[in-house]
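A single structure is presented below for examination.
The values are calculated or read from the model by the stated rules, or taken from the named source; none is laboratory data. In this text the structure is predicted, and so the values were computed from the model without any measurement. Reconstructed Cβ throughout: ideal geometry from the backbone, glycine too, with neighbour counts over all protein chains shown. These area figures cover heavy atoms from the full protein model, side chains too; ligands, DNA and RNA do not enter into them. Shrake-Rupley method; radii C 1.70, N 1.55, O 1.52, S 1.80 Å.
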Amino acid sequence: MEIGAKLEILADAAKYDASCASSGAAKSDSRSGRGVGSTGGAGICHSYAPDGRCISLLKLLLTNSCIYDCHYCINRRSSNVRRAVFTPAEVVKLTLDFYKRNYIEGLFLSSGIIRNADHTMEQVIAVARTLREEHDFRGYIHLKTIPEASPELIETAARYADRISINLELPTQESLDRLAPEKNMARTKVAMGRIRHRLEEASERKRDGDKKLRHATGQSTQVIVGADASTDADFLDRSDELYRSYKMRRVYYSAFSPIPEPSAVLPLQAPPLLREHRLYQADWLMRYYGFQTREILTPEAPNLDLELDPKLAWALRNRQNFPVDLQTAPREVLLRVPGLGVRNVDRILRIRRLTRLRLGDLVRLRVPLKKVQPFIVTADHHPSRYLLDSDRLRARFAPKPRQLELF
Amino acid sequence: MRSIDPGNDYESWRRAARELLVAGVAPGEVLFEREQGLFGGAGGLREEPAPYRAGDAAKVPAAFVKLARAASCHREEGRWALLYRILWRIVKGGERDLCEISSDLDVAKALLLGKNVRREIHKMHAFVRFRLVATDGESGRETYAAWFEPEHRIVEAAAPFFRKRFANMNWSIFTPLGCAHWNGEQLAFSEGLAASPLNGGDSMEDFWKTYYRSIFNPARLKVKMMRTEMPAKYWKNLPEAELIGPLIQESRRRVETMHGEDLRPAKAAPRNRYLASLGEMSAAAACSGPSGNQSLAEMAGAAANCRACPLWKSATGTVFGEGPGDARVMVVGEQPGDQEDIAGRPFVGPAGKLLDEAFAQAGLDRSAMYLTNAVKHFKWTPRDTPRGKVRLHQSPAAGEIEACRPWLLGELHRVAPEVLILLGATAARSLLGREVKVVSGRGLIDAPKLAARVILTVHPSYLLRLPAGEVRQAAFAAFVDDLRLASA
Ligand code: SF4
Ligand code: SF4
């Protein structure tokens with residue numbers, strides 16, 4: 001099979017994995033080396049596809065043959081999709097050729113499971129090793145690993161990669177049993193724990209002066225939303241556990257997407273894109289705004305409001321906490337005001353040491369006034385009790401029903 | 001009213017602005033205009049400038065320099081007057097912290113300009129597309145070139161990124177607002193070009209387009225999002241952009257086709273040793289305690305699937321005891337902590353390190369002892385600290401200690417140690433079956449059913465909670481004394 005045809009199949013096979021940001025690598029560049037590449041900072045999206053997703057890395061499967069049978073996946077053994085296999089040399093060449101033309105930040109390599117976990121890992125590692133050792137490639141490498149692979153191989157992968165990851169895919173073992181019968185929550189957690197252990201060891205060694213050590217700096221994971229009956233609370237609880245227990249850099253939420261070759265076990269449906277979006281917002285609140293999962297969702301109301309963003313929904317449920325005086329409220333309180341982001345909160349903290357805040361200041365900071373007004377007090381503004389206490393508040397914010405994306 | 005030519009960049013404007021400041025020219029009295037004439041572009045006063053003296057240098061906060069540098073790359077004509085107004089207010093108006101007030105009318109404007117410029121630099125890093133134009137026959141060194149059309153004067157600010165990333169190839173980036181060139185040694189800049197000097201594409205562009213087409217998921221169209229992040233003004237220099245229209249048009253049909261497909265039944269698993277082993281692992285029955293005939297190793301395997309209390313759910317795995325099965329000394333702690341849970345081994349966290357130190361001082365060899373915990377899963381509660389989201393240790397409840405006791409008794413019976421060391425109240429509670437005051441009851445205790453010699457002492461994590469210094473040192477010494485009873 002010629003390389004263009006393989007590229008078509010094996011990029012198509014990789015596109016359902018959303019966990020491919022290129023951020024958070026240690027700083028490095030090519031000036032002291034022979035090859036190309038630099039990393040560090042936020043990572044760059046070199047293009048965007050009409051699905052709105054950032055194209056940052058060359059995202060490929062080494063092969064889409066797979067002995068597993070995950071029903072949401074086009075590559076599962078029950079699918080009749082055309083199969084292809086890259087040789088490691090082909091992936092290396094594509095990566096370098098794309099990289100030198102500034103198309104990509106690096107490589108995101110995964111693979112269907114062939115023969116067994118260790119064999120598959122070895123193939124994936126061979127690509128990364130060649131890039132790093134033979135070509136002195138200093139761009140970004142993200143390797144997908146398999147929980148059942150031997151710990152030594154996972155550690156080897158971490159030596160060549162900037163980021164390694166294992167996809168959890170579904171938040172409960174019951175869902176895995178039904179939709180990804182070969183996958184196992186407990187084994188995945190053990191492997192994630194081991195990875196965290198190694199990442200921490202490596203960062204300690206670097207801190208203690210081992211400057212030459214090349215090692216991944218983080219792990220991440222993906223869960224599929226809408227393929228099982230799990231509630232948003234199930235997802236957020238699981239994410240919270242993963243952030244705490246395994247120091248995930250990120251948990252990616254990927255709306256279950258229709259695929260060619262649909263499974264009888266998991267019929268297709270439209271991808272729940274809005275739900276995916278709300279989960280990201282809620283996740284953001286947990287990580288950067290000091291919210292606890294229990295504040296965002298409760299056992300009685302375990303799903304996010306699709307109409308309102310989760311911070312606004314929280315504020316509407318907790319009106320007694322408002323209004324908040326922008327001149328005096330502490331940072332953690334400001335962070336909970338709908339319409340105020342981290343950056344603007346920090347700006348407000350600096351500004352208010354020097355001057356009294358007015359609504360005009362907020363306009364110039366490009367804070368959405370309509371959203372914040374009911375919740376704040378400034379030198380020239382006090383929201384009417386009537387507004388804050390009435391059910392109109394929700395009406396003010398609930399969007400008029402509309403099509404999400406017209407085309 | 002004066003007129004002054006600010007030149008094209010931050011440096012030339014700064015020279016002009018400095019002279020204006022020295023001359024005491026207020027913002028309302030000056031027009032910043034580019035010279036249209038033959039000798040335009042040099043910057044400086046039209047009239048003979050007052051000679052610049054070293055002592056005139058005005059001190060401005062670093063934040064202003066940063067702001068001005070970024071904003072000055074913007075092509076907005078009013079930027080020079082705006083920056084001079086801010087400078088004036090800082091230096092002459094006494095508003096030294098002006099740049100901190102990001103909601104000030106002038107500062108907000110300048111910040112916005114700077115933000116646009118930074119964004120444009122970022123987009124240049126993203127959207128420059130190199131083409132291979134030459135390969136040196138001897139050295140194999142390649143030369144690449146690109147044509148890019150930025151909105152602002154950002155080539156110089158954007159170029160260092162390319163130098164770092166592509167240090168080992170030669171490249172040129174041509175733009176209407178200046179060009180950058182790297183030859184492996186020097187970064188050079190030249191005047192902008194009216195049109196791209198490059199013709200023809202690159203052999204990899206077809207592969208890149210294949211990739212773009214294949215990575216697109218037609219089932220999740222979000223065109224607005226794409227347009228926000230990759231505005232149409234960039235499309236003409238992106239080889240993949242010609243695919244955008246067709247991909248959007250086909251997407252609906254492609255999704256309908258997917259929905260129209262027959263559902264594929266699940267195929268049976270192939271005969272494969274690895275798959276079979278996965279099946280066995282997963283089928284290993286959940287259990288609630290040891291059975292009588294298991295060896296220590298078998299028991300450890302069974303405990304991995306223990307579900308006798310809810311603690312397994314939020315922990316990573318069972319942390320079973322470790323050490324020789326015929327150890328003379330067995331040590332029982334409370335439960336694994338964050339580190340133990342991750343490593344899957346007992347006593348490897350901070351308390352474990354302290355314990356190791358105490359062992360060393362007491363002359364005990366850790367590798368010769370059997371170490372375990374009264375409860376085998378980590379119990380924790382979420383806590384957000386300045387260092388991030390952590391798991392805070394929680395003491396196990398009576399029911400959990402109860403549920404886990406069979407495992408501990410199983411270990412005790414198999415190891416049958418001569419000396420048993422109980423660290424802390426949980427271990428004592430589990431094996432003595434009653435509440436014990438550790439601090440008052442510490443030392444040798446009489447429990448012949450457990451072992452010939454039973455030592456009760458504090459848990460090392462108790463020592464960690466004491467204030468560092470004399471108090472802790474004394475407590476540590478007492479702890480070591482207790483441990484010494486093991487070798488007496
Ligand atoms: S392991 Fe599952 S998700 Fe991964 S390629 Fe195979 S079938 Fe797809
Ligand atoms: S703590 Fe003990 S009893 Fe509870 S599940 Fe774990 S091993 Fe079983």
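Summarise the accessible area of segment A:206-361 (1.4 Å probe, protein heavy atoms) by the percent that is carbon and sulfur.
51
Still on this model: Can you list the residues of segment B:176-212 that have at least 30 square angstrom less accessible area with all protein chains present than in their chain by itself, probe 1.4 Å?
So the qualifying set is B:Met204, B:Phe207, B:Trp208, B:Thr210, B:Tyr211, B:Tyr212.
Using only the Cα atoms of segment A:310-397, construct the convex hull and provide its projected area averaged over every direction, in square nanometres to one decimal.
If you wrap the Cα atoms of segment A:310-397 in a convex hull and average its projections, you get 5.2 nm².
Would you compute, for the Cα atoms of segment A:81-149, the largest minus smallest coordinate along each principal axis and list the three values in descending order, in whole Å?
Largest first, segment A:81-149 extends 35, 27, 17 Å along its Cα principal axes.
Restricting things to Cα coordinates, could you compute the convex hull volume per residue of segment A:1-117 in Å³?
Per residue, the Cα convex hull of segment A:1-117 comes to 134 Å³.
Just give the residues from segment A:190-234 buried by at least 50 square angstrom of accessible area in the all-chains context relative to the isolated chain, probe 1.4 Å, and say none if nothing qualifies.
Flagged in segment A:190-234: A:Arg196, A:His197.
Across peptide B:251-263, what mean number of C-beta atoms from other chains lies inside 10 Å of a residue's C-beta?
Per-residue shielding by partner chains comes out at 4.
What share of the DSSP beta bridges in chain A is antiparallel, in percent to the nearest 5?
20
Restricting things to Cα coordinates, could you compute the convex hull volume per residue of chain A in Å³?
Output value, Cα hull per residue: 173 Å³.
Using 1/(1 + (r/R0)^6) with R0 = 60 angstrom and r between the beta carbons of B:Ser196 and B:Asp446, what's the FRET efficiency to the nearest 0.05?
According to the calculation, E is roughly 0.05.
While we're on this one: Please work out the Cα center distance from segment B:92-110 to segment B:256-334, rounded to the nearest Å.
63
Taking H placed 1.01 Å from N in the peptide plane, check which residues at least 5 places from B:Arg264 or on another chain put their amide H under 5 Å from its amide H.
Answer set, sorted by chain and number: A:Ser263, A:Ala264.
Another one. Apply the Karplus parameterisation 6.51 cos²θ - 1.76 cosθ + 1.60, with θ equal to phi minus 60°, to every residue of segment A:70-76 and state each ³J(HN,Hα) to the nearest whole Hz, in sequence, with x for glycine and proline.
7, 6, 7, 10, 5, 8, 4
Could you pull out every one of the lysines with an alpha carbon less than 19 Å from that of B:Lys267, ignoring same-chain neighbours closer than 8 positions?
The qualifying lysines are A:Lys183.
In degrees from 0 to 90, rounded to the nearest 10, what is the angle of the helix B:273-283 Cα long axis to the longest principal axis of chain B?
Computed tilt is about 60 degrees.
So with the 1.4 Å probe, I'd like the accessible area per residue for chain B, rounded to whole Å².
48
How large is the helix-only mean residue ellipticity at 222 nm for the protein assembly as shown, computed as the sum of -39500 (n - 2.57) over DSSP H runs with n ≥ 4, divided by its residue count, in deg cm²/dmol to the nearest 500?
-12000 deg cm²/dmol
For chain A, which longest stretch is free of loop sites, where a loop site is one of the GluC sites (Glu not before Pro) that DSSP puts outside H, G, I, E and B and that has at most 10 other Cβ atoms within 10 Å?
Counting only loop sites that pass the neighbour cut-off, the longest clear stretch is A:3-299.
Relative to the first principal axis of the alpha-carbon coordinates of chain B, what is the inclination of helix B:350-362, with its axis defined by its Cα atoms, in degrees from 0 to 90 and to the nearest 10?
Here the helix axis deviates by roughly 50 degrees.
In segment A:310-397, if the dipole is taken from +1 on Lys/Arg beta carbons and -1 on Asp/Glu beta carbons about the Cα centre, which of A:Ala315, A:His381, A:Leu340 is farthest to the positive end?
Of the listed residues, the answer is A:Leu340.
Can you work out the Karplus-derived ³J(HN,Hα) for every residue in segment A:210-218? Use 6.51 cos²θ - 1.76 cosθ + 1.60 with θ = phi - 60°, whole Hz, and x for glycine or proline.
7, 5, 6, 4, 9, 7, 4, 10, x
Between helix A:232-246 and chain A, what is the angle of the helix's C-alpha long axis to the longest principal axis, kept within 0 to 90° and rounded to the nearest 10?
Tilt relative to chain A: about 60 degrees.
Moving on. HN-Hα J couplings of segment A:29-35 from phi, Karplus 6.51/-1.76/1.60, θ = phi - 60°, integer Hz, Gly and Pro as x?
8, 8, 5, 9, x, 9, x
Continuing with this model, one more query. Beyond 31 Å between alpha-carbons counts as too far, so tell me which of B:Lys92/B:Lys123; A:Lys27/A:Lys93; A:Lys189/B:Lys437; A:Lys6/A:Lys144; A:Lys247/A:Lys371 fall in that bin.
B:Lys92/B:Lys123; A:Lys189/B:Lys437; A:Lys247/A:Lys371, as the Cα separations exceed 31 Å there.
To continue, here is another question. How far apart, in nm, are the 7 Å Cα→Cβ label points at A:Ala26 and A:Ala395?
If labels sit at A:Ala26 and A:Ala395, their model points lie 6.0 nm apart.
Return the distance in nm (one decimal) between the two label points of a simple spin-label model at A:Thr172 and B:Ala284, each offset 7 Å from Cα along Cα→Cβ.
If labels sit at A:Thr172 and B:Ala284, their model points lie 2.4 nm apart.
Determine the per residue accessible area of segment A:3-217 with all protein chains present and a 1.4 angstrom probe, expressed in square angstrom.
Computed with neighbouring chains in place, this is 32 Å² per residue.
Let me know the Kirkwood hydrodynamic radius for chain B, please, with Cα pairs as the basis and the value in Å to one decimal.
Every distinct Cα pair counted, the radius reaches 30.7 Å.
Beyond 37 Å, what share of the Cα-Cα pairs of the protein assembly as shown is found? Please give it as a whole percent.
58
Return the value, in Å² to the nearest 100, of accessible area buried between chains A and B (probe 1.4 Å, both sides summed).
8500
Could you pull out every residue, at least 5 positions away or on a different chain, whose amide H is within less than 5 Å of the one on A:Val225? Hs are placed 1.01 Å off N in the peptide plane, and Pro or chain starts have none.
A:Ser254, A:Ala255, A:Phe256
Further, regarding this structure: Within straight cross-link reach of B:Lys379, meaning Cα distance under 19 Å, which aspartates and glutamates are found once same-chain residues fewer than 8 apart are removed?
Excluding near neighbours in sequence, the set is A:Asp237, A:Asp240, A:Glu241, B:Glu334, B:Asp338, B:Glu340, B:Asp341, B:Glu400, B:Glu402.
Related question: For chain B, give the percent of accessible area contributed by carbon and sulfur heavy atoms, probe 1.4 Å, rounded to a whole number.
After summing per-atom areas, the C and S share lands at 52 percent.
For segment A:3-217, compute Rh as the Kirkwood radius over C-alpha pairs and then the Stokes-Einstein diffusion coefficient at 20 °C and 1.002 mPa s; write the answer in µm²/s, rounded to an integer.
D, rounded to a whole number, is 121 µm²/s.
Also: What residues qualify as long-range amide H neighbours of B:Asp5, i.e. H under 5 Å apart, gap of 5 or more or another chain, H built at 1.01 Å from N?
Placed amide hydrogens put B:Glu33, B:Gly44, B:Arg46 under 5 Å from B:Asp5.
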